[in-house]
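Peer 1: First, the structure itself, so that you have it in front of you.
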Amino acid sequence: MSHLSTTALAPPVAQRPETRLSLVTAGGVAVGLFAAARLTGMTLLAVVAWAGGRHPLTLLGRSWDAAWYLGIAAHGYGRTLYFGPGIVHSDLAFFPLYPALIRTLTAVTPLSGAGAGLLVSWTAAGVAAGGIYAVGARLHGRAVGTALVLLWGLLPHSVVLSMAYTEPVLTAFAAWSLYAVLARNWLWAGALAALAGLSRPNGFAVAAAVLLAAGHEVYRARGRVTHRLWTGAALAPLGWTAYVLWVGHRTGDALGGYFGVQRLWGSRFDFGRGSLAFVRTLLLRGDRFVFPMTMVIVAAAVVLFALLALDRAPLPLLAYTAVLLLIALGGSGFFESKPRFLLPAFPLLLPLARALVRTARARPWHATVVVTALAGLSFGYGTYLVVYAHTPL
């Protein structure tokens with residue numbers, strides 16, 4: 001039993017005594033590397049966009065789902081588009097926290113809606129990078145924490161972290177909630193999980209991780225736990241549940257209303273049947289670069305999850321990542337968006353971060369080549385996605 005509890009919540013690894021300032025400085029370096037990576041990618045994107053006569057901030061701030069969020073921020077819910085029988089897109093599919101933040105910023109600053117959306121996303125991405133570093137450093141030390149943040153910023157589809165999208169907001173709440181779970185700060189874990197649940201549909205993964213970790217702690221301690229754990233566990237699912245029930249009330253179907261809205265968008269959980277059918281079609285007739293790249297990224301995510309499990313990662317991280325992966329794999333519709341849905345699943349990168357650190361210590365130039373190649377792929381593919389590809393992100 002003692003061995004199980006140790007691996008499940010994974011207390012911090014033994015480290016030399018350090019001042020709080022030094023830890024904050026190390027985290028700042030990691031966030032700085034992340035910011036440098038994203039700024040470099042945005043610079044390349046801006047140059048290519050301007051060369052083609054397009055404005056980069058418009059592409060980053062008003063593309064695809066960003067337009068829906070801006071509409072909700074400006075006018076509230078109530079927009080519906082009809083594309084034919086059984087294809088109805090309602091803005092009720094979008095969770096409320098991000099547009100609420102945009103609306104607040106536009107009310108107190110001279111920023112436009114798109115400018116406010118980008119500011120929220122960029123700030124959230126920085127906060128998320130700090131939380132990801134904190135999780136990695138707590139489990140495996142500073143070097144791994146830094147590598148984890150850098151890899152997250154250099155994912156092929158990490159351009160989304162620079163756009164007016166909700167993935168940075170979800171990841172920020174998720175990373176710090178998971179850190180709070182590892183530190184056994186249950187109130188913070190539950191409150192942040194509730195906010196994550198208000199940001200995106202797959203934000204429920206954070207609540208699932210908190211609830212599973214809390215349940216394991218109750219079992220391990222035979223019920224002798226503090227009220228903070230019970231309160232945190234009760235808070236965790238409130239955000240996601242509250243919005244789903246609100247949409248149900250608004251549509252007249254208390255429990256099924258939100259899922260009905262998603263079905264009309266062509267998005268439903270069908271245990272992967274839709275995804276498999278799409279892959280079959282793509283293999284037989286597909287010729288667009290985005291879709292094969294999506295297949296590679298999703299397949300890599302499955303492999304990385306297996307490695308994460310074999311490395312016996314802490315239970316909350318495994319639960320959180322498993323739910324995100326299950327939602328991405330099991331959901332139908334918008335196949336090309338699956339890499340974006342997996343952006344918050346940063347624990348998948350832990351095995352790679354540890355391997356990168358080992359390589360950097362043994363063969364620094366090898367690690368440099370790997371990071372440079374990843375950066376080239378990330379910046380090039382991100383620019384292609386935003387400027388050239390005509391597929392939803």
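Peer 1: Based only on Cα atoms, what mean projected area does the convex hull of region 145-186 have, in nm²?
Peer 2: If you wrap the Cα atoms of region 145-186 in a convex hull and average its projections, you get 3.3 nm².
Peer 1: Follow-up question, since we're still on this one. To the nearest µm²/s, what D does Stokes-Einstein give for region 69-135 at 37 °C and 0.692 mPa s, using the Kirkwood radius over alpha carbon pairs as Rh? Show your work: numbers first, answer last.
Peer 2: Values: Rh = 13.5 Å.
D = 243 µm²/s.
Peer 1: Taking a cut-off of 17 Å, what percent of all Cα-Cα pairs in region 51-165 are separated by more than that?
Peer 2: Tail of P(r) above 17 Å: 63 percent of Cα pairs.
Peer 1: What number, in percent, do you get for the relative contact order of the chain if the mean sequence gap of Cα pairs under 8 Å and at least 6 apart is divided by its residue count?
Peer 2: This gives 22 percent for the chain.
Peer 1: Then there is this: Using 0.36 nm per residue, how much length does the chain from residue 231 to residue 299 gain when fully extended, once their Cα-Cα distance is taken away? Provide the component values of the computation, followed by the final result.
Peer 2: Working: separation 68, 0.36 × 68 = 24.48 nm, distance 3.76 nm.
Going from the current span to full extension adds 20.7 nm.
Peer 1: Only helices at least 20 Å long along their own axis, judged from Cα atoms, and with Kyte-Doolittle mean hydropathy of 0.5 or greater: name those in the chain from DSSP H.
Peer 2: Working: long enough: 20-51 (46 Å, 1.52); 113-140 (40 Å, 1.02); 167-182 (22 Å, 1.31); 204-220 (24 Å, 1.23); 290-310 (30 Å, 2.70); 315-330 (22 Å, 2.29); 364-383 (28 Å, 0.87).
Membrane-span-like by this rule: 20-51, 113-140, 167-182, 204-220, 290-310, 315-330, 364-383.
Peer 1: Still on this structure: With viscosity set to 1.567 mPa s and temperature to 4 °C, compute the Stokes-Einstein D of region 168-245, Rh being the Kirkwood radius across alpha carbon pairs; µm²/s, no decimals. Can you show the working numbers first?
Peer 2: On the way: Rh = 11.8 Å.
Roughly 109 µm²/s, to the nearest whole number.
Peer 1: Which Cα, out of 112, 374, 199, lies furthest along the positive dipole direction of the chain (beta carbon charges, K/R +1, D/E -1)?
Peer 2: So the residue furthest toward the plus end is 374.
Peer 1: Now, a different point. Calculate what fraction, in whole %, of the accessible area of region 238-393 sits on carbon and sulfur atoms when a 1.4 Å probe is rolled over the protein chains.
Peer 2: Carbon and sulfur: 69 percent of the exposed surface of region 238-393.
Peer 1: A follow-up question, please. Placing +1 on the Cβ of each Lys and Arg and -1 on the Cβ of each Asp and Glu in the chain, which of 165, 251, 298 has its Cα farthest towards the positive end of the resulting dipole?
Peer 2: Projecting each Cα onto the dipole axis, the largest value belongs to 298.
Peer 1: P(r) for region 307-368: what percent of alpha-carbon pairs falls in each 5 Å bin, starting at zero?
Peer 2: 4, 17, 21, 17, 15, 13, 9, 4, 1
Peer 1: In region 228-313, if every C-alpha pair distance is counted and binned at 5 Å from zero, what percent goes to each bin?
Peer 2: Bin by bin from 0 Å, the calculated values are 3, 11, 11, 13, 13, 15, 16, 12, 5, 1, 0.
Peer 1: If you take the Cα atoms of the chain, find Rg, then find the Kirkwood Rh from the mean of 1/r over all pairs, what is Rg/Rh?
Peer 2: 0.96
Peer 1: Taking all protein chains as present, what is the carbon and sulfur share of the accessible area of region 132-189, in % to the nearest whole number, probe 1.4 Å? Numbers along the way, then the final one.
Peer 2: Values: 780 of 1170 Å².
It is 66 percent, rounded to a whole number.
Peer 1: Considering only protein heavy atoms, what per residue accessible area in square angstrom results for region 89-248 with a 1.4 angstrom probe? Let's see the in-between values first.
Peer 2: Numbers: 5190 Å² over 160 residues.
Value returned for region 89-248: 32 Å² of accessible area per residue.
Peer 1: Any idea what Rg and Dmax come out to for region 250-393 if you just take the C-alpha atoms, in Å?
Peer 2: Just the Cα atoms of region 250-393 yield Rg and Dmax of 17.9, 62 Å.
Peer 1: Give me the distance between the Cα centres of region 322-393 and region 73-105, rounded to whole Å.
Peer 2: 28
Peer 1: For the peptides 202-212, 171-181, what is the packing order when you average, over each peptide's residues, the other Cβ atoms within 10 Å and list the highest mean first?
Peer 2: Per-residue mean Cβ counts within 10 Å order the peptides as 171-181, 202-212.
The values are calculated or read from the model by the stated rules, or taken from the named source; none is laboratory data. Keep in mind it's a predicted model, so treat the numbers as computed, not measured. As a convention, Cβ positions derive from the backbone with ideal geometry for all residues, glycine included, and neighbour counts pool all protein chains shown. The area values use the complete protein model at the heavy-atom level, side chains included, leaving out ligands, DNA and RNA. Shrake-Rupley method; radii C 1.70, N 1.55, O 1.52, S 1.80 Å.
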